[in-house]
Amino acid sequence: MPIVNVLVTREGTSPGADRTTDEQKAAVYKGIADLLFDVMGKPREDTTVIFHEHEIGDLGQGGLPLRDYRASRAASNQTALQPAAAR
């Protein structure tokens, strides 16, 4: 029996949304069950998916709070996209 944990931040995926909708979660459940069936032959009815939503302040990455890490990565990506003369 496969058990899959999905961990996401509670930010929503569209303007004004503050969390993942039930419809989005249902699509994730189906997609994971389909994937395990297609790749590994695991019966869909035996697949359990546990969906965890966390406040962004509860997570960290790269030794930083996740919000700071993302801001740092965004700034780094912007610099990398600039022409060399503009740097």
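The values are calculated or read from the model by the stated rules, or taken from the named source; none is laboratory data. What you see is a predicted model; the values in this text were computed from it and never measured. Here the Cβ is made from the backbone with ideal geometry for all residues, glycine too, and neighbour counts use every protein chain on show. Just the protein is used for accessible areas: all its heavy atoms, side chains included, with ligands, DNA and RNA removed. Shrake-Rupley method; radii C 1.70, N 1.55, O 1.52, S 1.80 Å.
Filter the stretch 1-21 for residues that are surrounded by 14 or more Cβ atoms within 10 Å (Cβ to Cβ) and free of Cβ contacts under 8 Å to residues at least 40 places away in the same chain; which is nearest to G41 (Cα to Cα)?
The residue in question is T20.
Of all residues in the stretch 22-45, which are open to solvent by less than 70 Å² (accessible area, probe 1.4 Å) and either in a helix (DSSP H, G or I) or of a type in the set (F, W, Y) (or both)?
Q24, K25, A26, A27, V28, G31, I32, A33, D34, L36
Residue under question is V49, and the condition is that it be β-branched (V, I, T), at pLDDT 90 or above, under 28 Å from I3 (Cα atoms) and in a helix (DSSP H, G or I); does it hold?
No, not satisfied.
Need the failing condition index for E45 against (1) without any contact (Cβ under 8 Å) to a residue 40 or more places away in the chain; (2) touching a Lys or Arg at 6+ places or on another chain (Cβ under 6 Å), just the number.
It fails just one condition, (2).
Working only within the stretch 58-81, note down all residues that are under 19 Å from R19 (Cα atoms), assigned to a helix (DSSP H, G or I) and open to solvent by less than 70 Å² (accessible area, probe 1.4 Å).
Once the filter is applied, which keeps residues that are under 19 Å from R19 (Cα atoms), assigned to a helix (DSSP H, G or I) and open to solvent by less than 70 Å² (accessible area, probe 1.4 Å), the stretch 58-81 yields only L66.
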